[in-house]
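The values are calculated or read from the model by the stated rules, or taken from the named source; none is laboratory data. These numbers come from a predicted model, not from an experiment. All Cβ positions, glycine included, derive from the backbone under ideal geometry; neighbour counts span all protein chains shown. Surface accessibility is based on the protein's heavy atoms, side chains included, excluding ligands, DNA and RNA. Shrake-Rupley method; radii C 1.70, N 1.55, O 1.52, S 1.80 Å.
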Amino acid sequence: MSNSVVSTPPESTPKNKRRGGRGGVRSKLKGRQVDPQAREDVLALLGDAPRRRDLLIEHLHKIQDRYGCLSARHLVALAAEMKMAMAEVYEVATFYHHFDVIKEGDTAPPAITVRVCDSIACELAGSHDLLAKLPALLGTGVRVLHAPCVGRCETAPVAIVGQNPIPHATAEQVKQAVQAGQVTHPGTKGAVTPGHVDYAAYRAAGGYALAVSCVAGTKKPADVIAMMEDSGLRGLGGAGFPAGRKWKLVSAEPAPRLMAINIDEGEPGTFKDRYYLERDPHRFLEGALIAAWAVGIEAIYIYLRDEYHGCRAILEREIAALQANPPYAIPAIHLRRGAGAYICGEESSMIESIEGKRGEPRLRPPYVAQVGLFGRPTLEHNMETLHWVRDILEKGPAWFASQGRHGRKGMRSFSVSGRVKKPGVHLAPAGITLRELIDEYCGGMLDGHELYGYLPGGASGGILPASKADIPLDFDTLTEYGCFIGSAAIVVLSNKDTASAAARNLMKFFADESCGQCTPCRVGTVKALQLMEQKRWDAPLLQELSQAMMDASICGLGQAAPNPVLTVLKYFPKEVE
């Protein structure tokens, strides 16, 4: 068969009807064509912003914020403007919960969306009743959705009207907020977000003087790294890797190096990072700049979860103030916005998201300290870890190490929620026991409630009975009990709760939040939830499934998801027999 191209179609075929296999002439271009109005919409939103791939999620947010959804025509226009394949844009947009992708012919969502958190702390506070009441109360013009943890567990139950959080929400309060059009975050002051120490006030109180002295040569990078090692400070995002050792490892890698700061904080029960951001944002920024100087960092990327709209407003303003009048020639600081994906709390998933991709974990090795953001050696840190840098260097590593209790070292910011009188962030010695924490910091149990059990490390950390309330709470102390402290998110259960119901809530969260990349996690979480919904649990099958998930899952989500199941089987067997 000839491979020649027919250059002249038969004259008998009308021009507008010509088709061709290999040799014909198409009546229109292949693929989706850019709608002129959609192109104008996108151009107006993007303005002079760069069209780099790593800014894809930022640009998707601009469209979502303006139009309330991501229509097919806007996605086509964005893909053309960024010179990306439509498939690449679509696969990223559909990965994240907070992007509403509307296919051609589908109806756009209502103008107002109400999200009700139904994670563990809010479920204990009655979020299911709230979810049941709101659709009929608000009517068809408002969309009501369940949401995973929104990081406000101390004010449970929480509803989000648009971007406006309603603490201790009742159905009537949500209705009033909708009717009043209160859909944007109320700002950086008020009942939801308290006042914070701004740049001018922080500088006036001696802020950034330590960073200036480091850069001026009063301290050597190696000496500062040694002080961090001597303090015993470990990563406070959950993994607990020694901070000083991480600085040393990354500084030994070839330049240029980058820093990625993880403020995704999606673990149910965790809200400490938000607490500090709303009050003293420059303390962690100064810690980041000191780390950047000690390690030799070229640029800093801050990844903030999308639910923290008030924190984003604070950071945008305070970073701009810092950059406009820096204490010295600081490295570039980039603030990036998440889009609703718990998996992006995992460091490599966060890095993928910063690069404008789906937030799927990377296989390791190589580790992010070697090949991280944009392929460069990357110092990845949780925000609270950097929050402590200034205090450690000013007061000395021995001061920090001496703060612990029961033989442990340092301080911990415990996010406490559930059946206590004073939920919130409580700064307490590392190694404090749950019983001491409740009695000394939380005002005791709620009236009429008795301690029944607790989550020592958020959704992933397992569930312990009241008989284990005297274990020191710190890294490594809970391992023998099948638990871990993680980010120190404590959820307190009472005799009015059951551990099995709590475990079901947590497994539902994991099933919803699995990125789907690996089969053990994607299928295992769903199968486990189905087994846990039975009145009597199939313990041997759940244990076998749990082992497969722990052994074969790519990242910590699938590896830790079985912890609530296994601890219920171990410590609360009568609930599921």
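Residue 553 sits with roughly 10 Å² accessible to a 1.4 Å probe, with DNA, RNA and ligands left out of the calculation. Of 515, 214, the order by accessible heavy-atom surface (1.4 Å probe, DNA, RNA and ligands excluded), from most exposed downward, is 515, 214. In this structure the amide hydrogen of residue 112, modeled in the peptide plane, comes within under 5 Å of the amide hydrogens of 143, none closer than 5 places in sequence on its chain.
Measuring spread by the Cα atoms of the stretch 224-268 yields a radius of gyration and Dmax of 12.2, 37 Å. The listed residues 484, 475, once ranked by accessible area (1.4 Å probe) with the largest placed first, stand as 484, 475.
Looking at the stretch 248-319, none of the GluC sites (Glu not before Pro) sits in a DSSP loop with at most 13 other Cβ atoms within 10 Å of its own Cβ.
When 409, 248 are compared by accessible surface with a 1.4 Å probe, the order from highest to lowest is 409, 248. Hydrodynamic analysis of the stretch 168-260 uses the Kirkwood radius over alpha carbon pairs. Inserted into Stokes-Einstein at 20 °C and 1.002 mPa s, it gives a translational diffusion coefficient of 119 µm²/s. Given R₀ = 30 Å, what would the calculated FRET efficiency be for residue 313 paired with residue 48, taking r from the Cβ atoms and rounding to 0.05? With R0 = 30 Å, the Cβ-Cβ based efficiency is 0.85. What the Kirkwood sum gives for the stretch 98-170 is a hydrodynamic radius of 12.7 Å, with every pair of different alpha carbons counted.
Return the inverse of the average 1/r over all pairs of distinct C-alpha atoms in the stretch 474-577, which is the Kirkwood hydrodynamic radius, in Å to one decimal. Here the Kirkwood hydrodynamic radius works out to 14.0 Å. Taking all protein chains together and rolling a 1.4 Å probe, residue 249 ends up with roughly 90 Å² accessible. Applying the Kirkwood pairwise sum to the alpha-carbon positions of the stretch 60-147 produces a hydrodynamic radius of 14.7 angstrom. Considering the zone a paramagnetic label at residue 255 would reach in this model (a point 7 Å from Cα along the Cα-to-Cβ line), which residues of the stretch 322-338 have amide N under 13 Å from it? Inside the label zone: 331. Convex hull of alpha carbon positions in the stretch 301-421: directionally averaged projected area 11.3 nm². Distance distribution P(r), the chain, all Cα-Cα pairs, bin width 20 angstrom from 0: 19, 52, 23, 5, 1 percent.
Each Lys and Arg adds +1 at its Cβ and each Asp and Glu adds -1 at its Cβ; summed about the Cα centre, the chain shows a dipole of about 1620 debye. Taking all protein chains as shown and a probe of 1.4 angstrom, residue 441 keeps an accessible surface of around 70 Å². The loop-placed trypsin sites (Lys or Arg not before Pro) in the stretch 473-552, going by DSSP, that have at most 12 neighbouring Cβ atoms within 10 Å of their Cβ come out as 496, 535, 536. Candidate cross-link partners of residue 83 among the lysines, defined by an alpha-carbon separation under 29 Å and a same-chain spacing of 8 or more, comprise 28, 30, 62, 103, 357.
Among beta bridges identified by DSSP and lying wholly in the stretch 207-350, the antiparallel ones come to about 5 percent. Taking amide H as placed 1.01 Å from N in the peptide plane, the amide H of residue 335 sits under 5 Å from that of 302, each at least 5 places away or on another chain.
Packing, taken as the mean count of other beta carbons within 10 Å per residue, orders the peptides 133-139, 359-365 from highest to lowest as 359-365, 133-139.
Legend: translational diffusion of the stretch 507-557 by Stokes-Einstein, Rh = Kirkwood radius over C-alpha pairs, 10 °C, 1.306 mPa s; D = 145 µm²/s. Averaging the sequence gap over all C-alpha pairs within less than 8 Å and six or more residues apart, then dividing by the number of residues, gives the chain a relative contact order of 12 percent. Divided by 2.2 N^0.38 Å, where N counts the residues, the Cα radius of gyration of the stretch 244-345 comes to 1.10.
Candidate cross-link partners of residue 133 among the aspartates and glutamates, defined by an alpha-carbon separation under 20 Å and a same-chain spacing of 8 or more, comprise 118, 123, 172. Taking every alpha-carbon pair under 8 Å whose residues sit at least 6 apart, the stretch 225-377 reaches a relative contact order of 25 percent. Estimated from helices alone, the mean residue ellipticity of the chain at 222 nm is -11500 deg cm²/dmol (sum of -39500 (n - 2.57) over DSSP H runs with n ≥ 4, per residue).
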